[in-house]
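Only one structure is covered here, and it is reproduced in the block below.
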Amino acid sequence: MPKEKSDLKQEQSWKNNLFSRYMLFRYSLALFFFANLYWIMILLYKQAIYLLLPIIMIILIVIACAEQFKLYGQKEVNIPWTKRAFKSQILINGLAILIAMLPNQMSIAFPVFADNLYGILFVAIMQLLGALISFYNLKRANRVEKNTDKFYYRFQQSFGDIL
């Protein structure tokens, strides 16, 4: 009985350590989920066509989050929806910057910000930060898929090579 309990603990530890590789993705997706949700709430007031952008992102983020939770206990890494969500977020960030710079669109797409240089600059900086976070996550996703990330290296040191 103690041997089975030890094996169960070892297996649980193995799963938890391997799953921690995806922690940055989960936190970043949560950040983007709430940022897009906030944008949806603001645009519901204005009822603008731009409402489609954050809605699409929320859907992609939810699918990516579901994909993340399916990875618990899995040895093989397959994260196409996570990568799609981050690529789409970069696209949406770029579109948001363009929209903010178009004449008379700032007050429609981002009604809580002033339609002046400072408002546009603030929105552009926030969108650039979002894009940088997404770029970093994509870079990390490629390393995770190739098992060249630091988490996997530490995992190998603790548990040995499993793949």
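Evaluating 6.51 cos²θ - 1.76 cosθ + 1.60 at θ = phi - 60° for every residue in the stretch 61-77, the Karplus couplings come out as 5, 5, 4, 5, 5, 4, 4, 4, 6, 5, 6, 4, x, 8, 7, 8, 9 Hz, glycine and proline recorded as x.
Computed from label points 7 Å out along Cα-Cβ, the spacing between Leu37 and Asn142 is 3.2 nm. Annotation note: trypsin sites (Lys or Arg not before Pro) in the stretch 40-128 located in DSSP loop regions with a Cβ neighbour count of at most 12 within 10 Å are Lys75. Extension gain, Ala30 to Phe122, is 31.0 nm, computed as 0.36 nm per intervening residue step minus the present C-alpha separation.
For the stretch 15-152, a Kirkwood hydrodynamic radius built from all Cα pairs, placed in the Stokes-Einstein relation at 4 °C and 1.567 mPa s, yields a translational diffusion coefficient of 82 µm²/s. Across the stretch 44-59, rounded Karplus estimates of 3J(HN,Hα) from the backbone phi angles (6.51 cos²θ - 1.76 cosθ + 1.60, θ = phi - 60°) give 4, 5, 8, 6, 9, 5, 5, 4, 5, 4, x, 5, 4, 5, 4, 4 Hz, Gly and Pro being marked x. Shown is the FRET efficiency for Phe135 and Leu98, computed with R0 = 22 Å from the Cβ-Cβ distance and rounded to the nearest 0.05: 0.80.
Stretching Gln105 away from Phe69 to a fully extended chain increases their span by 9.1 nm, per 0.36 nm per residue minus the current alpha-carbon distance.
Taken together, the values in this text are just the output of simple stated rules run on the coordinates, not laboratory data. As the structure is a computational prediction, the values presented were derived from the model and not from experiment. With ideal geometry, Cβ positions are generated from the backbone for all residues, glycine too; neighbour counts draw on all protein chains shown.
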